[in-house]
Structures are given as structure tokens and as C-alpha cells.
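Student: Just passing along the structure, written as C-alpha cells.
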Amino acid sequence: MFFYFKKFRVLLLIGLLLHAGSCTKKEDDTRFAQPIPQKRTATFAWLNDITNVNKPNYMAVFTSYYQHLLKENKLDEAAEILNVTCRNKSRNNLFDDKFINIINQFSAQHRSQLPVAKTLFINSYFSDYYKNQGSYKKAIFYALKSIKAEVSDYTSCKDIADAYGDLAFCYYKMGNQNAAISYNFKALDLNNRINDAIGSARIYNTLATIYFVSNDFASAEYYCDQAIKYSKKANDIDNVFITLENKMIVYEESNNPKINALIDSTYVAFNQSKIQSDDVKVFVYCYYIIKLCKENKLSEAKKVINELAPIVKQTNSLDAAVEFDEVVMEYQLKNNEEIDTHRLITKVIPYLIENEDYNRLETYYTLLKENASKRKDYKTALYYEEKANEAYTLLGNTRNSNKVIELDKKYQTQKKEQQIATQEKEIAKKNLTIAWMTFLILIIFIIVVIFQNKQKQKILNQDKINAQRYTKQLLESTEEERIRIARDLHDSVSHELLGLKNFPGENQGETNQKIDRIINDIRSISRNLHPIMFDKIGLKASVEQLIERAQSVNEFMVTSDINYNGLLSNSDELQVYRIIQEALSNVIKHADAIAAKISIHERNNTVFIEIQDNGKGFKLNEIIKSSKSFGLHNIIERSRAIGGEAKIKSNKNGTTVSVEIKIKS
């Protein structure tokens with residue numbers, strides 16, 4: 001895996017120290033803009049397109065075009081197309097002897113005729129090649145040659161930044177975290193000078209690795225996300241998947257429950273992306289195989305292993321082969337299969353030792369120990385345990401701590417005078433900035449306080465106006481109610497009684513009918529004043545009667561959902577009844593609704609009331625401030641009176657009045 005190892009710690013002081021050094025460095029911060037692409041031939045454009053590099057005729061087209069340029073003595077253009085091809089093949093880990101011979105011939109015959117900056121790509125290609133092979137010392141050799149060159153333009157800045165990134169990665173893989181961090185920040189500085197998103201993504205990936213091995217998983221995840229962000233910015237989908245694999249490892253080590261979802265989504269996304277990078281496929285599939293093994297889906301794991309085996313062989317990458325061997329060992333241990341320990345001991349382990357890949361070496365020894373333990377060969381298991389500890393010791397914290405002290409002394413003595421002068425200027429600038437920021441914050445604070453006070457006063461004034469309006473409307477409503485009652489008594493009851501008085505000779509049946517009408521009128525008037533049976537039948541039955549009357553009189557459908565067991569007192573229940581009565585009356589009079597629903601529920605010492613309709617709705621802010629809002633204020637004030645809170649929502653789809661009453665225990 002990209003950084004699959006355990007129990008290793010690195011002091012983060014190094015990173016902070018070197019980061020501070022890179023931030024205060026003022027020697028040369030010249031920025032270079034990407035040169036405007038010159039007009040090129042259609043063949044050049046086709047070869048430059050990285051999506052074509054996997055096509056069968058790519059190398060044939062390159063060879064023909066490259067030889068043509070050399071014959072015409074167009075050396076600059078030949079170097080440029082060779083650079084393009086090197087970059088595209090490296091990005092896809094396509095390394096072959098035929099192309100390497102072409103590069104070596106160009107280097108021997110023409111390199112000396114060109115400026116150094118135009119041939120740095122050769123070092124980059126061989127650094128990538130040996131990095132892919134896991135030969136980190138050889139990769140370092142070529143990267144060191146590049147960083148000796150002078151940064152003079154966009155291209156040289158990019159090539160040297162890549163060289164620093166290669167050095168950081170190689171030293172990280174070899175366990176030298178001090179050098180890795182130092183080169184990382186140098187690469188990041190150069191990438192910032194050319195706004196290179198791809199290069200920055202690589203650096204963030206390596207930083208995520210270093211924080212991972214120090215068990216700072218939050219920072220590791222953060223840098224993974226930064227690497228993904230910059231990779232997407234550069235449309236570098238290959239690196240997005242490589243970083244996703246790194247994030248899986250962070251999740252695994254930190255026992256993050258999101259790891260399985262991340263593995264599955266990455267596996268699915270990779271297969272849907274149609275990316276043709278075998279190297280990336282090895283990374284993604286290997287982790288998916290490990291997940292299947294942990295879930296005991298061994299038959300599925302075997303299918304993926306069989307699918308991946310020829311691809312690993314085709315990549316011709318020892319690093320990918322070693323990683324695949326590790327996954328196969330995981331499967332064989334899980335499936336109780338025999339492991340070819342002889343091949344591992346004679347080929348894989350020496351390869352890891354030669355390249356100082358102590359991280360993976362520790363993992364292999366641990367797997368071999370588990371295999372020996374399963375076979376109850378405890379003597380061999382103990383031997384591999386000791387070997388694993390030796391690999392860990394090579395990456396131990398003691399050596400790193402000593403290097404921190406050494407690096408710290410070197411840092412403190414280097415360019416001290418320049419740093420002091422720079423810091424004094426920066427302090428002066430910061431003090432001025434702080435003064436302006438303090439003044440600005442004070443002004444903003446004063447403005448906010450004034451605004452808040454005005455808003456509070458505005459709310460208080462509006463509440464006062466609403467209270468006055470409500471009181472006035474309450475008095476007017478009371479008088480209107482008295483007038484209505486008087487009219488009802490005069491027009492119905494008095495009229496009927498007068499009829500009985502003036503026509504005493506009518507037959508008994510007609511008299512009884514008139515008496516019944518009088519009684520019904522009196523009952524209706526009485527019911528409007530106060531539901532007589534409320535105290536006896538309770539809130540639920542009273543609301544159901546109210547619904548029944550509303551439907552029979554208005555040809556209007558009202559449904560109910562009542563789950564109430566008498567949590568409120570009688571007086572509070574009566575106010576709830578009035579709230580529902582008022583809300584239902586508003587629906588009938590103003591909503592033009594087809595149906596309404598009344599809900600009453602109690603839960604956890606709280607009563608919830610809701611009246612909902614599907615009418616035309618209204619603009620709440622306008623109505624609540626107008627003289628027509630007595631009914632709404634009536635609902636709000638009655639709710640407050642019984643310790644509740646009313647909320648009214650209205651739009652073109654209808655209106656909802658909800659009241660929540662919390663019972664104090």
C-alpha cells in the first residue's frame with residue numbers, strides 16, 4: 001500500500017519547524033506564469049493528450065514524429081515532444097526498455113547542446129522509473145541531479161519542484177522522515193510559485209502519510225482531502241484514487257467506521273471511471289480484496305485476485321508485485337492455504353531490505369509470524385516477531401529524535417541574521433494590521449450593537465402595537481358578540497314566543513314543534529357562549545362534536561387524529577377548545593379550503609395541537625400587522641395564557657396552526 005505500516009511515530013516538530021522555515025524564506029519568491037502554448041502541429045497536440053498514451057499506435061506516432069524532427073535538426077522541438085511523452089508515460093507508469101533506449105540516445109547525443117532547464121525532464125523520467133521499481137536510492141540519485149539546476153522559468157521551476165517531491169517520497173519510503181518533510185516543503189514552495197495543482201496534490205499526499213505514521217489521524221485525513229481537492233482541480237483522476245486509498249488506510253488505522261463505505265464507493269467509482277491505469281487499479285483492487293477477506297467473502301476475494309494477477313504481471317512493477325503478494329498472503333492466511341514462504345524469504349524480503357523499505361518489511365514479517373503461529377511453529381513465529389521488531393527499530397523514534405535536535409540546531413544557525421531582519425519587518429506589518437483589525441472590529445461591534453438595539457426596540461414597539469390592537473379588537477368583538485346574542489334572542493326566540501302568545505288556538509303538534517325550535521335556538525346560542533357538556537364529556541369529545549357540526553353546516557370535510565389522555569386541567573382544555581374553534585372558524589370563513597385536519601397528541605409532558613388546511617393561504621407578516629388579525633392574535637394570546645407557544649405557517653398550499661404546551665412537573 002501507499003503507506004501501509006504500524007507503530008511508527010514521527011515528532012511533528014520537524015514539520016512545524018521546516019514549514020516555518022519555508023514561510024520565512026525570502027531569498028527568491030519569484031512567481032512564474034505558465035507559458036502561453038505555441039501553435040503546434042496536430043501530431044504534437046495528439047501526443048500531448050494524455051488520454052491517447054494507452055492507445056496501441058501511440059509509440060509508433062511518437063517515434064515517427066520524433067525522428068522527423070531530429071532529421072530536420074529541430075532539436076528544441078524534438079526535446080519538447082520527448083518531454084511530453086516522458087511525462088505522459090510516467091503518469092501512467094508505462095516504462096519499457098525501447099523508450100528508455102530512445103531517452104539514453106538523446107541524452108548522449110544532444111543533451112549537451114541544450115540548456116540544462118530544457119533537459120531536466122530526463123532526470124524526472126528516470127527518477128519516476130526507479131521509484132516505480134522501488135529502487136529508491138537510484139531514484140534519489142536522479143532527483144538530486146535536478147535540484148542542482150537553477151530555477152529560471154516556469155518549466156525549470158516545475159521540474160525542480162517535482163524532483164523535490166520525488167526526494168520527499170523516496171526518503172519517506174526509506175524511513176528518513178526528517179529529509180522527507182524538508183523536501184516536501186521545498187517542493188510545495190516551488191509549486192506555489194507556478195500554481196501547480198498536480199504537484200501540490202503530490203506533496204499533500206506525502207504530508208498525509210507523515211501525519212499518519214505519527215498517529216495524528218485528523219491531520220492525515222485533512223491532508224488527504226487537500227490532495228483530493230488539488231487533484232480534482234487539476235483533473236488528475238488517477239491521483240484522486242491513489243489518495244482515496246491513502247484515506248482508507250487512515251480510516252483503518254483509526255478504526256473509523258466509514259472505511260467500508262469508502263472502500264466500496266472507491267471500487268465502484270474506479271470501475272465506472274474507465275481509467276486505464278493498471279497501477280491505480282492494483283492499489284484499488286488490493287484494498288478491496290483485503291475488505292472481502294475481513295468480511296469472510298473468500299470466494300469473491302479469490303475472483304478479484306484471479307482478475308488482478310495478470311494485470312500485476314503486465315505492469316512489470318516490482319512495487320506493485322510486492323503489494324499484490326502481501327494481499328495474496330492475507331487471503332491465504334484467511335483461507336488456511338499454504339504460503340510460499342521460500343519465495344518470500346529468498347526474493348521479496350531481500351528486495352525490501354535492499355531498498356530499505358522497512359515499513360513494508362515489518363508488515364511481511366508480521367504476516368509470516370501469523371502464518372507460523374497458525375501452523376503452531378512457535379519457534380519460527382518468535383523468529384519473525386524479532387525480525388518485525390528489528391524493522392520497527394530501524395524506524396524507531398530514538399533516531400528521529402536525534403535528527404530533530406540536529407536539524408533544529410542547523411536551522412537555528414542558518415541565515416539567522418536574515419531571519420531576524422525579516423521577522424522585524426513582518427512584526428511591524430503585523431502590528432499595523434492588528435491595529436487596523438482591532439479598530440475595524442470595534443467599529444463592527446458598535447454597528448452590531450446599535451443594529452441589535454434598534455431591532456429589539458422595533459420588536460417591542462410592534463408588540464406594544466399588537467397588544468393595543470388586540471385589546472381594542474377584543475372589546476369590539478365582545479360588543480359584537482353581545483349584539484349577535486341579542487339579535488338571535490330577538491329574531492328567533494322572542495319571535496317564536498310571540499307567535500305562541502298570539503296564536504294559542506293552534507293544535508298541540510304545531511305548538512310542540514315551535515317549542516322544539518325555540519329550545520334548539522336557545523341551545524345553539526348557549527353552545528356558542530359555552531359548550532355546556534364540556535366539563536362532562538371532556539376535550540376530545542367536544543372537539544369531535546365541533547368537527548361534526550362544522551361538516552354538517554358547511555359541507556366541509558374535517559378529519560381528526562386525537563391521542564389525548566387528559567394531561568391538561570379543565571380550564572386549560574377549554575382554552576385549547578377555543579383555539580381549535582377559532583382556527584376552524586378562520587378556515588371556514590377565509591381559506592376557501594376543501595378539507596382540514598385537527599390533531600391533538602401528548603408526549604413527554606407536552607401537548608401538541610395542530611390545525612391544518614389545504615386552502616389558499618395568506619401572507620402572514622402582512623395580516624398579523626393589520627386590523628384583520630384578531631383571530632390570529634386570539635390564538636396566540638390564548639396559547640400564552642396556558643403556558644404554550646403558537647406557531648402559524650401559511651403559503652399557497654395551505655395554513656398550519658401548531659401549538660405546543662409543556663406541562664411543568
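Student: What is the residue count in region 78-116 for residues that are assigned to a helix (DSSP H, G or I) and under 41 Å from the mean Cα position of the chain (by Cα)? Talk me through it step by step, then tell me what you get.
Tutor: Quick first cut of region 78-116, residues assigned to a helix (DSSP H, G or I) only: 78-91, 97-113, 116.
From the residues that got through so far, the ones that are under 41 Å from the mean Cα position of the chain (by Cα) too are 80-91.
Selection size over region 78-116: 12.
Student: Every residue in region 157-192 that is open to solvent by 30 Å² or more (accessible area, probe 1.4 Å), farther than 13 Å from residue 206 by Cβ and in contact with a helix residue (DSSP H, G or I) (Cβ under 6 Å, 6 or more places away or on another chain), please.
Tutor: 158, 189
Student: Tell me whether region 280-300 contains one or more residues that are of a type in the set (Val, Ile, Thr), part of a helix (DSSP H, G or I) and open to solvent by 40 Å² or more (accessible area, probe 1.4 Å). Explain how you work it out, then say what you get.
Tutor: Looking only at region 280-300, we keep the residues that are of a type in the set (Val, Ile, Thr), and these are 280, 282, 284, 289-290.
Then drop every residue that is not part of a helix (DSSP H, G or I), which leaves 280, 282, 284, 289-290.
Narrowing further to those that are open to solvent by 40 Å² or more (accessible area, probe 1.4 Å): none.
No, there is no match, as no residue in region 280-300 is of a type in the set (Val, Ile, Thr), part of a helix (DSSP H, G or I) and open to solvent by 40 Å² or more (accessible area, probe 1.4 Å).
Student: Related question: Name the pairs whose Cβ atoms lie under 6 Å apart, with the first residue in region 111-133 and of a type in the set (D, E, K, R), the second modelled with pLDDT of 90 or more, and 6 or more positions between them or separate chains?
Tutor: The qualifying pairs are 111/119; 118/79; 131/139.
Student: Specify the residue that is most open to solvent (accessible area, probe 1.4 Å); the eligible residues are those in region 329-364 that are closer than 16 Å to residue 170 by Cα and hydrophobic (A, V, I, L, M, F, W, C). Steps first, answer last, please.
Tutor: Looking only at region 329-364, we keep the residues that are closer than 16 Å to residue 170 by Cα, and these are 351-361.
Imposing the further condition that a residue be hydrophobic (A, V, I, L, M, F, W, C) reduces the set to 352-353, 361.
Working: 352: 1, 353: 82, 361: 8 Å².
My answer is 353.
Student: Right, another one. Does residue 553 meet the test of being surrounded by 18 or more Cβ atoms within 10 Å (Cβ to Cβ) and either within 41 Å of the chain's Cα centre (by Cα) or of a type in the set (A, V, I, L, M) (or both)?
Tutor: When the stated conditions are applied, residue 553 does not pass them.
Student: A further question on this structure: Return the residues of region 625-643 that are β-branched (Val, Ile, Thr) and either over 43 Å from the mean Cα position of the chain (by Cα) or surrounded by fewer than 17 Cβ atoms within 10 Å (Cβ to Cβ) (or both); say none if nothing qualifies. Can you show your working first?
Tutor: First, the residues of region 625-643 that are β-branched (Val, Ile, Thr): 635-636, 642.
The answer is 635, 642.
Student: Return the residue satisfying two criteria in turn: it lies in region 652-665 and is closer than 23 Å to residue 619 by Cα and not in a strand (DSSP E or B), and of such residues it is least open to solvent (accessible area, probe 1.4 Å). Steps first, answer last, please.
Tutor: The initial filter retains those residues of region 652-665 that are closer than 23 Å to residue 619 by Cα, namely 652-660.
Subsequent filtering for residues that are not in a strand (DSSP E or B) retains 652-653.
Working: 652: 170, 653: 114 Å².
This residue is 653.
Student: Of all residues in region 193-248, which are open to solvent by 10 Å² or more (accessible area, probe 1.4 Å), more than 20 Å from residue 90 (Cβ to Cβ) and aromatic (Phe, Trp, Tyr)?
Tutor: Selection gives 211, 217, 222, 223.
Student: Does residue 604 meet the test of being under 43 Å from the mean Cα position of the chain (by Cα), closer than 17 Å to residue 543 by Cα and surrounded by fewer than 13 Cβ atoms within 10 Å (Cβ to Cβ)? Steps first, please.
Tutor: Working: under 43 Å from the mean Cα position of the chain (by Cα): yes; closer than 17 Å to residue 543 by Cα: no; surrounded by fewer than 13 Cβ atoms within 10 Å (Cβ to Cβ): yes.
Considered against the rule, which asks whether it is under 43 Å from the mean Cα position of the chain (by Cα), closer than 17 Å to residue 543 by Cα and surrounded by fewer than 13 Cβ atoms within 10 Å (Cβ to Cβ), residue 604 comes out as no.
Student: Can you pull out the residues in region 559-601 that are of a type in the set (Gly, Ala, Ser), open to solvent by 40 Å² or more (accessible area, probe 1.4 Å) and touching a strand residue (DSSP E or B) at 6+ places or on another chain (Cβ under 6 Å)?
Tutor: 560
Student: Among strands (runs of 3 or more DSSP E) lying entirely in region 563-651, which contain 3 or more residues that are over 17 Å from residue 661 (Cα atoms)? Lay out the reasoning, then the answer.
Tutor: Values: elements: 595-602, 606-613, 644-651.
By residue number, 595-602, 644-651.
Student: Search region 621-640 for residues that are free of Cβ contacts under 8 Å to residues at least 24 places away in the same chain and pair each with any residue that is small (Gly, Ala, Ser) when their beta-carbon atoms are under 9 Å apart and the residues are at least 6 apart or on different chains.
Tutor: Close Cβ pairs (under 9 Å, with a partner that is small (Gly, Ala, Ser)) amount to 623/629; 623/650; 636/646; 640/646.
Student: Also, quick follow-up: Tell me, which helices (runs of 4 or more DSSP H) lie completely within region 308-381 with 3 or more residues that are touching a Ser or Thr at 6+ places or on another chain (Cβ under 9 Å) and more than 16 Å from residue 283 (Cα to Cα)?
Tutor: Values: elements: 318-334, 349-354, 358-374.
Filter on region 308-381 gives 358-374.
Student: Do we find that residue 249 is closer than 30 Å to residue 34 by Cα and within 22 Å of the chain's Cα centre (by Cα) in this structure?
Tutor: Details: closer than 30 Å to residue 34 by Cα: no; within 22 Å of the chain's Cα centre (by Cα): yes.
No.
Student: How many residues are open to solvent by 70 Å² or more (accessible area, probe 1.4 Å) and under 37 Å from the mean Cα position of the chain (by Cα) if we restrict to region 117-156?
Tutor: So the answer is 0.
Student: Then there's this: Among the residues of region 607-624, which ones are open to solvent by less than 40 Å² (accessible area, probe 1.4 Å) and within 19 Å of residue 652 (Cα to Cα)?
Tutor: In the first step, residues of region 607-624 are kept if they are open to solvent by less than 40 Å² (accessible area, probe 1.4 Å); the result is 607, 609, 611, 613, 615, 617, 624.
Selection gives 611, 613, 615, 617, 624.
Student: Picking from 30, 24, 51, which residue would you name as being open to solvent by 40 Å² or more (accessible area, probe 1.4 Å), under 29 Å from residue 151 (Cβ atoms), at pLDDT below 90 and among the hydroxyl-bearing types (Ser, Thr, Tyr)?
Tutor: Numbers: 24 fails: open to solvent by 40 Å² or more (accessible area, probe 1.4 Å); 51 fails: under 29 Å from residue 151 (Cβ atoms).
Sole residue among the options that is open to solvent by 40 Å² or more (accessible area, probe 1.4 Å), under 29 Å from residue 151 (Cβ atoms), at pLDDT below 90 and among the hydroxyl-bearing types (Ser, Thr, Tyr): 30.
The values are calculated or read from the model by the stated rules, or taken from the named source; none is laboratory data. This structure is a prediction, so every number in the text was calculated from the model and none was measured. Using ideal geometry, Cβ is built from the backbone for each residue, glycine included, and neighbour counts are taken over all protein chains shown. Quick note on the areas: whole protein, heavy atoms, side chains included, nothing else; ligands and nucleic acids left out. Shrake-Rupley method; radii C 1.70, N 1.55, O 1.52, S 1.80 Å.
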